[in-house]
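Working notes for the structure below.
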Ligand SMILES: [Zn+2]
């Protein structure tokens, strides 16, 4: 099977890299993966992962909660409460960014459909792209949403969408640059591209290092910090309009990282370190565990 390796930095076109960290896949396989960093811009890339056709086996876990509905365990239970709150917060953020209440939104990597269902309930015209057959079936059964498989992205109507959103999805996409170019064509001239990804420049990333849950190898291929995301957007014809924090991610990611470290008092330590990360992000949004970027076309 062919491995997916990157020799040119998708952010700055640099071709010199150095090793950064070796991380373990705690979710599914327990295999180790190396992350390298671009010497020029600091962008980080997971090495030697499976290609797009074969990566699916690394998503097959009951633990992969963003694609399932299990409420087992405290961390999951907290996650599900937070998700409910976050759905409303995401919707309001989209409405504010787009300065409209009922446009056409394309959500890429829409998963089980909770977010698009929320948007539709509030009057939005919705289109979803989702790679996983199971997640698409779930969205159909639960919400009657007809989400489309990933390859359909490149067949959608151009200049059609007011908003394109990716909530913790871009870091999973093999065809990173091709997707960004597609978003540019699909968005209306005054459309907004909203991308949420983990931030390796956050307090919790630096504190937990190889245990940081949001490295999530090999599922996370690309690891952004705000400087690199801004530059990457500009490379594809976008201008960064605003940046927003995801405060719950500081806590959730810290608790999960403590679990990976097998710490004693992991819940307490996770909340404590999540708190520091959250306070840090109050002072500087660019230090939050996860950051939401709102781009407009340049
Ligand atoms: Zn680079």
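General observations
- Taking the stretch 141-173 as the range and being assigned to a loop (DSSP other than H, G, I, E, B) and buried (at least 17 other Cβ atoms within 10 Å of the Cβ) as the test, the residues that pass are 145, 147, 168, 169, 173.
- The residue that is farthest from the ligand (Cβ to nearest atom), among those in the stretch 1-31 that are in contact (Cβ under 8 Å) with a residue 60 or more places away in the chain and in a strand (DSSP E or B), is 24.
- Every condition in (1) at pLDDT below 95; (2) closer than 30 Å to residue 190 by Cβ; (3) surrounded by fewer than 20 Cβ atoms within 10 Å (Cβ to Cβ) holds for residue 245 except the one numbered (3).
- Residue match in the stretch 125-140 (condition: under 24 Å from residue 243 (Cα atoms), touching a residue at least 24 places away in the same chain (Cβ under 8 Å), surrounded by fewer than 21 Cβ atoms within 10 Å (Cβ to Cβ) and touching a helix residue (DSSP H, G or I) at 6+ places or on another chain (Cβ under 8 Å)): no
- Qualifying residue in the stretch 225-242 (condition: touching a strand residue (DSSP E or B) at 6+ places or on another chain (Cβ under 6 Å), under 20 Å from residue 274 (Cβ atoms) and crowded, with 23+ Cβ neighbours inside 10 Å): no
- For the stretch 252-277, filtering for residues that are surrounded by fewer than 24 Cβ atoms within 10 Å (Cβ to Cβ), without any contact (Cβ under 8 Å) to a residue 60 or more places away in the chain and in contact with a helix residue (DSSP H, G or I) (Cβ under 7 Å, 6 or more places away or on another chain) leaves 5.
- The set of residues in the stretch 235-270 being within 19 Å of the chain's Cα centre (by Cα), assigned to a helix (DSSP H, G or I) and within 16 Å of the ligand (Cβ to nearest atom) is empty.
- For the stretch 32-51, a tally of residues being within 11 Å of the ligand (Cβ to nearest atom) and either in contact (Cβ under 8 Å) with a residue 60 or more places away in the chain or under 21 Å from residue 212 (Cα atoms) (or both) returns 8.
- Tally, over the stretch 112-122, of residues that are in contact with a strand residue (DSSP E or B) (Cβ under 8 Å, 6 or more places away or on another chain) and surrounded by 23 or more Cβ atoms within 10 Å (Cβ to Cβ): 3
The values are calculated or read from the model by the stated rules, or taken from the named source; none is laboratory data. Remember, predicted model here, so these are calculated numbers, not experimental data. With ideal geometry, Cβ positions are generated from the backbone for all residues, glycine too; neighbour counts draw on all protein chains shown.
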